[in-house]
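Accompanying notes for the structure given below.
Readers should treat all values here as calculations from the given coordinates under stated rules, not as data from a laboratory. What you see is a predicted model, and the numbers here were worked out from it, not measured in a lab. Cβ placement follows ideal geometry from the backbone for every residue including glycine, while neighbour counts extend to all protein chains displayed.
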Amino acid sequence: MGGMDPETLADGLAVHAPSALDFLRLSEQDMFNRHQRDGLDALEKPKLLTEDIRYPASLYIILKATRLCNLRCSYCNAWREGPNQVISFELLAKAIQNAMSLPGIRWLHIVWHGGETTLLSRRYFERAIWLQEHFRVDDRRVEHSIQTNATLLNEDWCRFFKATGFSVGVSLDFNEKNHDRHRRFKDGSGSYADARRGVDLLEKFEIPHGWLAVVDEQVMALGARGLLEGLLEQNVATVGFLNALPANDESSSPMPYLPWDRFVEFLRDVFRLWKAEYRDKITIRELDSLYRIVGGSDSRLCIYQGGCMGQYLTVEPDGVVSACDKYVGDEAFRFGSLATQSLQEILVNNSSLEQVRSESDALLSSFSLCANYKYCRGGCPHDARLNLRHGISSNCCGLYDLIEDMKEEER
């Protein structure tokens, strides 16, 4: 193999716990078995595209490293059982090599997703970081985040996250009662206590982390103050809200669903109280980003960005590349496969990608006459598409009243 000397691979990484980065100084022979080394040799001379092609300056790759999961959450159909539910070493190496060699990318964010990612060994992730530095050709910024249910976290995982600069998203639903209603182990028992123990470890090791919580009717029944006080009691500093969504595959079994208009009304209630009493105590991702935009910031959460198709890509365990993971199960949003194509080939002259990009841009542009369009840019195209699927049609993405509340606070 060519590339960077293993002794220099750790350069540029924030070293908080040097012993946890020893893997970066391992030789190729010590890091990989013979079969894996043969696979890497095939990637030594990638087919790089040199045409004048405009790639996004920042690229998000959501690596569905595994579909295996130790939970059976009621509003999730992403888990699978059986063989071939972990992305192979060959596909993992190809995804990283391709992402590191795309020209013009200045900021690459790799999001490790599942299934449950911590069912994989730490060695799996160590190899991924090793490959990232081996295939580095420029000074592009690379950041990693991992989404986990936190039930399997231990001190070794935390040392790894600390050393490599991983940020962590924890799937945890507000409080024990709400969490255990939906997020259960295979035997039906609740997972809150185990998840909470994992969060305590993240706090102990000072790992950047935030909660990602699903909002349904039971959560809304807590009321804004009950919700916010409950989060503070659990020492939550950052949280993201997701409304419960139906499956994209309509043949799937019914799943909990909180319609977008109900979710926005909930956000309005929470915003009023959050802005008045809690903003300096807790960051609510969706509210904080939009409120900053209304105040003049141009740093945007993806759902307020517009034009996201092709900038957020999901890689499935079998190599299939699709739009962000909100579209899992929707055949129209599959763009190709790393099993037979390079990432460059999937992103360039791809009729499927161009079609969904055009359709999504047109859908969001249909909201452009709304007086508050400049703030939300039409919102998330998946939300807009879901609203149409459920017969909700208007000239606004649904955030108008929430934005008006925010503008009133700015006056």
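One table, with the values for the structure above:
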| read-out | value |
| --- | --- |
| Quotient of C-alpha Rg and 2.2 N^0.38 Å, computed over the stretch 6-410 | 0.99 |
| Amide H contacts under 5 Å for SER337, placed H, 5+ residues apart | VAL321 |
| Sparsely packed GluC sites (Glu not before Pro) within the stretch 150-220, loop by DSSP, other Cβ within 10 Å at most 13 | GLU206 |
| Cα lying deepest toward the dipole's positive end in the chain, options THR118, LEU153, CYS396, charges on Cβ | CYS396 |
| ³J(HN,Hα) computed for each position of the stretch 342-349 - Karplus, 6.51 cos²θ - 1.76 cosθ + 1.60, integer Hz, glycine/proline x | 8, 4, 4, 5, 5, 7, 10, 6 |
| Value at 222 nm in deg cm²/dmol, rounded to 500, when DSSP H runs of n ≥ 4 in the chain each add -39,500 (n - 2.57) | -10500 deg cm²/dmol |
| Furthest towards positive pole of dipole, GLY169, PHE89, LEU108, structure part the stretch 76-233, Cβ charges | PHE89 |
| Nearest-20 debye value, the chain charge dipole, Cβ charges on Lys, Arg, Asp, Glu | 140 |
| Pairs of lysine residues in the chain - Cα separation under 16 Å, sequence separation of 8 or more or cross-chain | 7 |
